[in-house]
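See below for the structure under consideration.
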Amino acid sequence: MKAFFVFSGQGAQFAGMGRDLAENSPAAAEVFKRSDEALGYALSDVIFNGPDDKLTQTVYCQPAIYTMSCASLAAFKEKYSDIQAVACAGLSLGEYGALYAGGAFDFVSGLQLLAQRAKLMDAACRETNGGMASVLNGDIDIIQKVCAENGIDVANYNSPGQIVISGEKEKLAAAVEALKSAGIRKVIVLNVAGAFHSRLMASAGEALKPVIAAANISMPAIPVYHNCTALPAQNLDELRTNLASQVAGSVRWEGCVRAMAALGADTMIEFGPGNVLTKLCSRTLPEIKTVNIGSFDAINNF
């Protein structure tokens with residue numbers, strides 16, 4: 001097996017995720033414990049018990065998914081220590097899980113950095129009136145043209161046939177109508193807190209720069225493919241720049257998956273809640289075997 005590891009993004013969360021990992025894996029239980037200690041409150045209680053409206057709040061959701069994803073990785077390595085990744089990547093906040101897996105920072109350093117990111121993005125959401133929409137089976141050139149004409153951005157290049165757009169709600173609504181008028185029928189407005197990965201998050205990205213500059217980060221031992229470039233960073237300055245840029249920049253997820261598969265990988269292992277990345281990979285490269293590790297049963301059945 002030649003595998004690449006990927007880590008879930010915001011939206012995959014659900015109350016109760018990871019509870020079975022904590023109950024059955026000492027390594028996973030330790031991750032949840034360290035998360036609570038580092039943050040100074042019982043994040044694990046929010047993860048295991050919700051309520052859902054609290055868990056979906058950005059300030060809880062981002063560190064929760066990171067923690068649960070890292071716990072999934074810890075439980076997996078507890079049983080399959082011989083399986084090593086040839087590369088890692090994560091969708092948006094999942095990039096922090098990928099950098100942890102790659103050895104760029106320890107678990108707590110990544111958690112504290114991500115918690116700051118979540119607060120800054122939450123503030124940017126509250127200061128703006130943004131939204132997002134998923135565009136299915138549309139021509140990329142048309143989508144990009146409509147976004148440019150309406151002053152919004154492409155947030156995610158997820159897979160063939162799935163693009164997410166993001167921006168001010170009024171401009172987004174105009175773009176949705178323009179896309180439908182251009183013959184793109186499936187445009188779905190998403191229930192999100194703001195315009196993630198758009199120019200409306202620029203203030204959060206700028207405020208995050210000094211936080212990232214002060215963080216204890218190293219070059220990863222395993223290549224980590226960044227959202228904003230679909231390439232690994234060549235040096236530490238570039239890595240830090242990429243982490244700040246991805247907040248307001250487009251997530252080039254399809255490019256990340258294709259680049260990692262080009263290394264000769266035959267398997268993608270997704271760590272974290274849900275199976276969003278597994279589905280996206282299947283649409284992009286159906287020949288790649290996909291596995292989601294988000295429960296203790298999934299580890300036993302691997």
First in the range 128-157 and of a type in the set (Asp, Glu), second anywhere and assigned to a strand (DSSP E or B), Cβ under 9 Å, 6 or more apart: ASP153/ILE165; ASP153/SER166; ASP153/GLY167
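Can you tell me how many residues in the range 239-265 are part of a loop (DSSP other than H, G, I, E, B) and in contact with a helix residue (DSSP H, G or I) (Cβ under 7 Å, 6 or more places away or on another chain)? Walk me through how you get there before you give the answer.
Within the range 239-265, the first condition is being part of a loop (DSSP other than H, G, I, E, B), and the residues that meet it are 246-250, 252, 262-265.
After this cut, where a residue has to be in contact with a helix residue (DSSP H, G or I) (Cβ under 7 Å, 6 or more places away or on another chain) as well, the list is 246-248.
Number satisfying all stated conditions: 3.
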Only one of PRO286, PRO273 is in contact (Cβ under 8 Å) with a residue 60 or more places away in the chain and either part of a loop (DSSP other than H, G, I, E, B) or over 15 Å from the mean Cα position of the chain (by Cα) (or both), namely PRO273
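Which of the following residues is touching a residue at least 40 places away in the same chain (Cβ under 8 Å), touching a strand residue (DSSP E or B) at 6+ places or on another chain (Cβ under 7 Å) and either surrounded by fewer than 20 Cβ atoms within 10 Å (Cβ to Cβ) or small (Gly, Ala, Ser) (or both): ILE217, ILE184? First the steps, then the outcome.
Numbers: ILE217 fails: touching a strand residue (DSSP E or B) at 6+ places or on another chain (Cβ under 7 Å).
That would be ILE184, the only listed residue that is touching a residue at least 40 places away in the same chain (Cβ under 8 Å), touching a strand residue (DSSP E or B) at 6+ places or on another chain (Cβ under 7 Å) and either surrounded by fewer than 20 Cβ atoms within 10 Å (Cβ to Cβ) or small (Gly, Ala, Ser) (or both).
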Return the total of residues in the range 1-60 being touching a Phe, Trp or Tyr at 6+ places or on another chain (Cβ under 8 Å) and of a type in the set (Val, Ile, Thr). 4
Of the conditions (1) aliphatic (A, V, I, L, M); (2) closer than 17 Å to LYS119 by Cα; (3) touching a Lys or Arg at 6+ places or on another chain (Cβ under 8 Å), ALA202 fails just one. Which one is it? (3)
Among the residues of the range 186-233, how many are in contact with a Pro (Cβ under 8 Å, 6 or more places away or on another chain) and aliphatic (A, V, I, L, M)? 1
So the check is Cβ under 9 Å with 6+ separation or different chains; which pairs have a first residue in the range 38-66 that's of a type in the set (Asp, Glu) and a second one that's not in a helix (DSSP H, G or I)? ASP52/GLN13; ASP52/PHE14; ASP52/ALA15
Taking the range 256-270 on its own, how many of its residues are surrounded by fewer than 18 Cβ atoms within 10 Å (Cβ to Cβ) and under 18 Å from the mean Cα position of the chain (by Cα)? 1
What are the residues in the range 187-203 that are in contact (Cβ under 8 Å) with a residue 12 or more places away in the chain and of a type in the set (S, T, N, Q), if any? SER198, SER203
Check whether at least one residue in the range 76-97 is outside the structural domain of GLU177 (by TED's automatic domain parsing), assigned to a helix (DSSP H, G or I) and farther than 23 Å from VAL257 by Cβ, and report yes or no. yes
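The values are calculated or read from the model by the stated rules, or taken from the named source; none is laboratory data. These numbers come from a predicted model, not from an experiment. Every residue, glycine as well, gets a Cβ built from its backbone with ideal geometry; the counts of neighbours run over all protein chains shown.
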